[in-house]
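This report concerns only the one structure given below.
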Amino acid sequence: MALYLVQHGKSLPKDVDPDQGLSKEGIAEVERIAQVAKGYHIHVRQILHSTKERARQTSAIFQGALIPEEPMQVMAGLQPLDDVKAVAGQITGERDLMIVGHLPFMERLTSYLIIGYVEKRIFKFQNGGIVCLDRDPETGDWFIKWSLMPNIK
């Protein structure tokens with residue numbers, strides 16, 4: 001089963017919005033990526049997100065486009081500097097799951113799942129982009145299957 005890791009969309013500066021919700025550009029980019037994912041028939045059973053407003057809004061856009069079987073839900077431990085090992089231990093790979101969070105957490109989680117440590121970045125996320133991980137059925141090892149980013153430059 002697939003694990004879809006998403007960095008929230010571009011957000012407003014704190015002086016404009018103390019909650020740092022999504023900017024107009026952030027909303028537009030996430031909507032575009034969500035529609036592309038829908039066009040590719042991406043199946044997600046559930047979307048989990050951090051407590052921050054920009055992650056909730058990003059999740060809601062994906063929820064509306066992909067129509068997961070279960071409602072989106074807040075997940076503890078997804079803040080930018082949280083310990084990725086705690087979250088990694090909860091990911092079984094038994095269901096198609098999307099997790100929406102922040103940097104550096106998402107990059108560190110990807111590194112930890114694939115190479116076993118967080119110090120080396122193996123993928124550079126973009127706001128609103130998706131990185132799809134999958135597990136080798138024979139070894140149980142995670143690998144990057146594909147990515148879908150708002151910008152290719």
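Readers should treat all values here as calculations from the given coordinates under stated rules, not as data from a laboratory. The structure presented is a predicted model; accordingly, all values stated were derived computationally and were not measured. For neighbour counting, all protein chains shown are included, and Cβ atoms are generated from backbone atoms with ideal geometry for every residue, glycine included.
Things worth noting here:
- The length gained by stretching the chain between THR139 and HIS41 to full extension, at 0.36 nm per residue less their Cα-Cα distance, is 32.6 nm.
- Values of log10 I(q)/I(0), in the order q = 0.11, 0.17, 0.20 Å⁻¹, for the chain under a Debye, Cα-only, solvent-free model: -0.37, -0.93, -1.32
- 5 Å-binned pair-distance histogram of region 16-86 (Cα, whole percent): 3, 17, 23, 22, 20, 12, 4, 0
- For the chain, size of Cβ-based charge dipole, Lys and Arg +1, Asp and Glu -1, in debye: 360 debye
- Around the amide H of HIS49, modelled in the peptide plane, lie the amide H atoms of GLN73, VAL74, MET75, VAL100, all under 5 Å away and 5 or more residues distant in sequence or on another chain.
- The spread of Cα positions in region 99-153, taken along each principal axis and listed from longest to shortest, comes to 34, 22, 20 Å.
- With Cα atoms, 0 to 90° folded angle of helix 53-66 axis to the chain main axis: 70 degrees
- Between 0 and 90 degrees, the angle of helix 105-115 with respect to the longest Cα principal axis of the chain falls at about 10 degrees.
- Top of MET106, MET72, MET98 by mean-square fluctuation, Gaussian network on the chain, Cα under 10 Å: MET72
- In summary, the lysines within cross-link reach of LYS85, defined as a Cα separation below 23 angstrom excluding same-chain residues under 8 places away, comprise LYS52, LYS120, LYS124, LYS145.
- Taking the charge dipole of region 1-56 about its Cα centre, with +1 at Lys and Arg Cβ atoms and -1 at Asp and Glu Cβ atoms, the residue from SER50, LEU5, GLY21 reaching farthest to the positive side is LEU5.
- Between the listed residues TRP142, MET72, ALA34, the Cα displaced farthest toward the positive end of the dipole of the chain, a dipole computed from Cβ unit charges relative to the Cα centre, is found at ALA34.
- C-alpha long axis of helix 24-39 to longest principal axis of the chain, angle in °: 40 degrees
- Measuring nothing but how far apart in sequence close Cα pairs (under 8 Å, 6+ apart) lie, relative to its length, the chain scores a relative contact order of 31 percent.
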